[in-house]
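Undergrad: To start, I am sharing the structure in question, which I have written as structure tokens.
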Amino acid sequence: MKQMEKELVLEIGAPRPRRLRSNPLLRRMVRETQVRREDLILPLFVCPGSGVRREISSMPGNFQLSVDQLVEECRQVAGLGIPGIILFGLPPHKDAVGSSGYDPQGIVPQALRALKEAQLELVLIADVCLCEYTDHGHCGVLQGEEVANDPTVELLGREALVYAQAGADIIAPSDMMDGRVGYIRRVLDTQGFSHLPIMAYAAKFASGFYGPFREAAESTPQFGDRKGYQMDPANAREALREIELDLREGADMIMVKPALAYLDIIRAARERYQVPVAAYNVSGEFSMVKAAAQLGWIDEVRVRDEILLAIKRAGADLILTYFAKDVARALP
Ligand code: PBG
């Protein structure tokens, strides 16, 4: 016995964390983080016409859908237990001031009315921005080559109201203009929609990860970039200031976007603020996984689940993700 002790590599009583990893059931018992169906929000793209279901080439499994197809898709989504969708519109016409974005007969209001009529068990989130509706592809109206803040905010207020009137359950401004949350809040409150929550894209970075979305939403800027309104990826303190301002202006939930390269921001937001934190697992994050998986370089399901888990572990309550349906299907 004495002799054996000498041969011990670890000391008696040494910590052995592997004990809790020794079988699947034990691992399940001590698992700290889980992705649930209830955490997921699926982004969807609605386009004119009927019977249209056009796959977005850089985002396999995602489609531009006409209103009728969108309703069918949403029926499926609700059936999978996913609680919410966020809607983006592809209008038939674009102009310099994005007027199809705040047209009560526009594509998103049409979709919202049809979805309301279908009475699905689904929270309908309306993304509020002008980039899908302007012919130059910027998120607001231009003064020279600059996006003019205050005139844009006024139009965003109109857009938000039109979506509220068409049946949106949550308004989600994604433009990054200064003061838009406060303005939209005032518009909603004075027009009979004081009950409607605002999910603010509070810390939205000027990111290369939006590439595939711009194909999906046909919203690539025709010149320049969005760095004059979206945030510099280098800035974490500024992200907290943006969040602070949106909360002070009346945001009910905040969002960090993109997610994967900004887990530190998600964590900081979680620690500092008491409101629900959403994270947008954006198009580029989705497409990278799909593409590498198609090449056989990574295991799609493992990597997908690991990424979504990381976003939750960082502190997100909700995840907007193009993987929502796949994940909901895979959950027990
Ligand atoms: C609109 C908007 C964008 C995304 C969501 N809302 C694009 C952009 O800002 O260029 C990107 C979402 C994604 O990449 O999945 N302003």
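The values are calculated or read from the model by the stated rules, or taken from the named source; none is laboratory data. This one's a predicted model, so the numbers in the text were calculated from it and none came from an experiment. Quick reminder, even Gly has a Cβ in these numbers, built from the backbone with ideal geometry, and neighbours come from all protein chains shown.
Undergrad: Any idea which of Leu320, Leu263, Leu240, Leu309 is closer than 13 Å to Tyr201 by Cα, away from the ligand (no atom under 16 Å from the Cβ), at pLDDT 95 or above and hydrophobic (A, V, I, L, M, F, W, C)?
TA: Numbers: Leu320 fails: away from the ligand (no atom under 16 Å from the Cβ); Leu263 fails: closer than 13 Å to Tyr201 by Cα; Leu309 fails: closer than 13 Å to Tyr201 by Cα.
Only one candidate passes the filter, namely Leu240.
Undergrad: Moving to a separate point now. Contact list please: Cβ distance under 9 Å, first residue in the stretch 87-105 and more than 14 Å from Gln165 (Cβ to Cβ), second residue surrounded by fewer than 23 Cβ atoms within 10 Å (Cβ to Cβ) and acidic (Asp, Glu), pairs at least six apart or on different chains.
TA: Matching pairs, first to second residue: Leu90/Glu218; Pro91/Asp103; His93/Asp135; Lys94/Asp135; Lys94/Glu218; Asp95/Asp135; Ala96/Asp135; Gly98/Asp135.
Undergrad: Here is a follow-up. Among the residues of the stretch 134-150, is there at least one that is among the small types (Gly, Ala, Ser), more than 16 Å from the ligand (Cβ to nearest atom), more than 22 Å from the chain's Cα centre (by Cα) and not in a helix (DSSP H, G or I)? It would help to see each step written out before you state the result.
TA: Let us first name the residues in the stretch 134-150 that are among the small types (Gly, Ala, Ser), namely 137, 140, 144, 148.
Remaining after also requiring more than 16 Å from the ligand (Cβ to nearest atom): 144, 148.
Of the ones still in play, those that are also more than 22 Å from the chain's Cα centre (by Cα) are 144, 148.
From the residues that got through so far, the ones that are not in a helix (DSSP H, G or I) too are 144, 148.
Scanning the stretch 134-150, I find at least one residue that is among the small types (Gly, Ala, Ser), more than 16 Å from the ligand (Cβ to nearest atom), more than 22 Å from the chain's Cα centre (by Cα) and not in a helix (DSSP H, G or I), so the answer is yes.
Undergrad: If I ask for residues that are more than 8 Å from the ligand (Cβ to nearest atom), hydrophobic (A, V, I, L, M, F, W, C) and touching a strand residue (DSSP E or B) at 6+ places or on another chain (Cβ under 7 Å), which ones from the stretch 271-291 would you list?
TA: Val275, Val277, Ala278, Ala279
Undergrad: Now for a different question. Any residue in the stretch 191-212 that's more than 26 Å from Arg226 (Cα to Cα): show its pairings with residues that are surrounded by 15 or more Cβ atoms within 10 Å (Cβ to Cβ) and among the acidic types (Asp, Glu) at Cβ separation under 7 Å, as long as the two are six or more apart or on different chains.
TA: Partner pairs satisfying both residue conditions: Pro197/Asp252.
Undergrad: Moving on to the next point. Quick one: would you say Leu112 is part of a loop (DSSP other than H, G, I, E, B), farther than 21 Å from Ile56 by Cβ, more than 15 Å from the ligand (Cβ to nearest atom) and in contact (Cβ under 8 Å) with a residue 40 or more places away in the chain? Can you show your working first?
TA: Details: part of a loop (DSSP other than H, G, I, E, B): no; farther than 21 Å from Ile56 by Cβ: yes; more than 15 Å from the ligand (Cβ to nearest atom): yes; in contact (Cβ under 8 Å) with a residue 40 or more places away in the chain: yes.
Answer is no for this residue.
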